[in-house]
Amino acid sequence: MATTAKQDRAATRNTIQRTLVLEAVRSLHNHPTSADVYDVVRERHPNISRATVYRNLGVLAQRGEVLRVEVPNGADRYDFHNKPHYHAKCRVCGGVYDIDMPYQHDIASHVSDAHGFTIEHHEIIFEGVCARCKKSAEN
Ligand SMILES: [Zn+2]
Ligand SMILES: [Zn+2]
């Protein structure tokens with residue numbers, strides 16, 4: 001079935017908006033919140049609404065193009081680095097950092113074997129104080 005010109009335009013607009021949001025996430029390497037991503041998109045495209053940016057972040061996360069990191073007691077963060085990996089959150093500055101540790105596929109299979117639970121996904125978020133905050137506390 002042929003699409004109408006109107007449908008084509010809407011699809012094109014959606015693709016453009018999604019690309020803008022993806023570019024913004026890729027330009028931020030500090031695990032931005034959705035509000036941070038919106039601020040970056042808005043700088044260059046003042047007409048785009050917050051709802052549009054948030055909706056597109058959801059679509060990108062669902063498609064696996066960006067990683068959504070659910071932070072306990074905090075806003076979700078978004079990550080351009082979209083392969084599963086672990087994070088640490090600093091309780092002083094609130095920063096979220098990548099942890100250079102291999103993804104532990106064994107944890108999931110252990111839980112499946114022991115409890116018969118099908119694990120689809122797991123996340124680990126370490127909490128503590130980042131190197132920079134620790135250093136400034138010492139000074
Ligand atoms: Zn810190
Ligand atoms: Zn990360």
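The values are calculated or read from the model by the stated rules, or taken from the named source; none is laboratory data. Model, not experiment: these values are computed from the prediction. Because the Cβ atoms are built from the backbone with ideal geometry, glycine has one as well, and the counts that use them run over all protein chains shown.
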- Leading residue by the ranking (surrounded by the fewest Cβ atoms within 10 Å (Cβ to Cβ)) among those in the range 1-30 that are small (G, A, S) and modelled with pLDDT under 95: A2
- Message: Being among the acidic types (D, E) and under 21 Å from K83 (Cα atoms) is the filter here; which residues of the range 104-119 pass it?
- Response: D106
- Message: I'm checking my understanding of the structure. Among residues of the range 61-80 that are of a type in the set (A, V, I, L, M) and over 9 Å from the mean Cα position of the chain (by Cα), which one is surrounded by the most Cβ atoms within 10 Å (Cβ to Cβ)?
- Response: V71
- Note on the structure: Flagged in the range 81-119 as within 12 Å of ligand 2 (Cβ to nearest atom), surrounded by 12 or more Cβ atoms within 10 Å (Cβ to Cβ) and among the charged types (D, E, K, R), in numbering order, are K89, D98
- Message: For the range 58-107, give me each residue that is touching a residue at least 40 places away in the same chain (Cβ under 8 Å) and among the aliphatic types (A, V, I, L, M).
- Response: V59, L60, V66, V69, V71, A75, A88, V92, V96
- Message: Among the listed residues T33, T52, identify the single one that is more than 15 Å from ligand 2 (Cβ to nearest atom), in the same structural domain as T15 (by TED's automatic domain parsing) and surrounded by 14 or more Cβ atoms within 10 Å (Cβ to Cβ).
- Response: T52
- Item | Residues of the range 57-99 satisfying the condition of being touching a helix residue (DSSP H, G or I) at 6+ places or on another chain (Cβ under 7 Å) and among the hydroxyl-bearing types (S, T, Y) | Y78
